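The structure under discussion appears below in the form of structure tokens.
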Amino acid sequence: MAIEWCMNAKIPIYYHVAALYHFAQLPDYQDRKAPLLTLCNTHDIMGTILLANEGVNGTIAGSKDGLQAVIDYLSSWDGFDGLSAKYSTAEEKPFFRMKVRLKKEIVTMGVPEVNGAVNPGQYVKPEDWDSLTSDPSTILIDTRNDYEVAIGTFKGAINPNTKTFREFPKWFNQKADEIRENGETPKIAMFCTGGIRCEKATAYVKAQGFEDVFHLQGGILKYLENIDEDNSSFNGDCFVFDQRVAVGHGLCVSDYIQCHACRMPLSPEELQNTKYSEGISCHHCYDARNDEQRNRYEERQKQMKIAKQKGMKHIGSNS
């Protein structure tokens, strides 16, 4: 594969990656698994795709033609003509096998009776986002987890301080009681990394009786790709769930790494903290771990280094 250059970051590219999701009614999702897996294997596609009654979600890697074949196939399903994918690249092979999994939800909120394909909020394009969120009557909510919010978010956004997306419904129920007590009928705008969590969240919020509910189309990543930094209301960097760890405007890779013990993104300055040890601990999690756990992490880190030296992938690695 010819080496290419990714936007304004001088990084040689060897692997193509597609992150995709689409909410649509898929009552026969169980029957879709086998033919989809066969197609992916035929085109040497690696990664994971989730299928549920509410749609499809996944991240896959392979050749450009192979990825396009999968996207075209999914787009041919009834109700999936609006499916789109976010493309990125990687120097190292990101996945080592292909999995198609059947799920109750394509993004786990823990409320399977709320179908993300039924009555979600309104899409807002990145170009129109700041106009909506700068309105004082708009409540802006970050639907991501605390470790993601820690390194960047939109100006004025509420941080629910959730550890997982499963905690969002409980948090919002408390927020909804507060809104109702104040007699408000606000606009509610929500966002996440790529759009899937905030879209599912809008379906939940509308099910609680709120009508003016919006979500950022394409998520933070599409916003950072389309909006110049000088005109942006996003402060900091955006955590991503791959080997890049975080990206900034123009989707340029930031200089964070991830603590393998607690998943927190760490800046170069934080790596100098005495409680940081590669693969073992950082200042966020050191005091929450005991010596037995740190010794176990240390042994895992040794095995990962040995596997890398041999050109193998260790089961406990991040990539």
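Nothing in this text is a laboratory measurement; each read-out follows from the coordinates by a stated rule. As the structure is a computational prediction, the values presented were derived from the model and not from experiment. Virtual Cβ from ideal backbone geometry, glycine too; neighbours counted across all protein chains shown.
Here the simple spin-label model places points 7 Å from the Cα toward Cβ, and for ILE158 and PHE96 these points are separated by 4.4 nm.
Subtracting the Cα-Cα distance of SER137 and CYS252 from their residue separation scaled by 0.36 nm leaves 38.1 nm.
Available extension along the chain between GLN25 and GLU178 is 51.8 nm, counting 0.36 nm per residue and deducting the alpha carbon span.
Given the options MET304, MET264, MET98, state which has the largest fluctuation in a GNM of the chain using a 10 Å cut-off (strictly under) for Cα springs. Looking only at MET304, MET264, MET98, the largest GNM fluctuation is found for MET304. Dimensions of segment 122-236 based on its C-alpha atoms, expressed as ranges along the principal axes with the largest first, amount to 38, 28, 20 Å. With neighbours defined as other Cβ atoms within 10 Å of a residue's Cβ, the residues PHE96, PHE80, PHE23, PHE165 order from fewest to most as PHE96, PHE80, PHE165, PHE23.
With θ taken as phi - 60° and the Karplus curve 6.51 cos²θ - 1.76 cosθ + 1.60 applied, the whole-hertz 3J(HN,Hα) list for segment 247-256 is 9, x, 4, x, 6, 6, 5, 8, 9, 8 Hz, x standing for glycine and proline. Positive-end ranking of CYS259, ASN226, VAL240 along the dipole of segment 211-259, with charges on Cβ about the Cα centre, is headed by CYS259.
Distances between placed amide hydrogens fall under 5 Å for ILE141 paired with ILE158, ALA189, MET190, PHE191, all partners being 5 or more residues away or on another chain.
Rounded to 0.05, the FRET efficiency of the LEU37 and LYS170 pair, given R0 = 41 Å and the Cβ-Cβ distance, is 0.70.
Taking a point 7 Å out from the Cα of THR185 in the direction of its Cβ, the residues of segment 197-218 whose backbone N falls within less than 14 Å of it are 209-213.
The 3J(HN,Hα) values that the Karplus relation (6.51, -1.76, 1.60; θ = phi - 60°) gives for segment 99-112 are, in residue order, 10, 10, 10, 9, 9, 6, 9, 7, 9, 7, 9, x, 10, x Hz. Gly and Pro appear as x. Listing ARG289, ARG244, ARG144 from fewest to most neighbouring C-beta atoms within 10 Å gives ARG289, ARG244, ARG144. Relative to a virtual label point 7 Å from the Cα of SER75 in the Cα→beta-carbon direction, which members of segment 212-243 show backbone nitrogen distances below 16 Å? From segment 212-243, the list is empty. When DSSP beta bridges are restricted to pairs lying wholly in the chain, around 65% turn out antiparallel.
Quick one: plug the Kirkwood hydrodynamic radius of the chain (C-alpha pairs) into Stokes-Einstein at 25 °C, 0.890 mPa s, and report D in µm²/s. In µm²/s, the coefficient rounds to 116. Among THR133, THR274, sorting on how many other beta-carbon atoms sit within 10 Å of each Cβ, with the fewest leading, yields THR274, THR133. Taking all C-alpha pairs of segment 5-102, those more than 23 Å from each other amount to 23 percent. Sequentially through segment 233-244, phi angles give Karplus couplings (6.51, -1.76, 1.60; θ = phi - 60°) of 9, 8, 10, x, 10, 10, 5, 10, 8, 8, 5, 6 Hz, Gly and Pro residues having no value and appearing as x.
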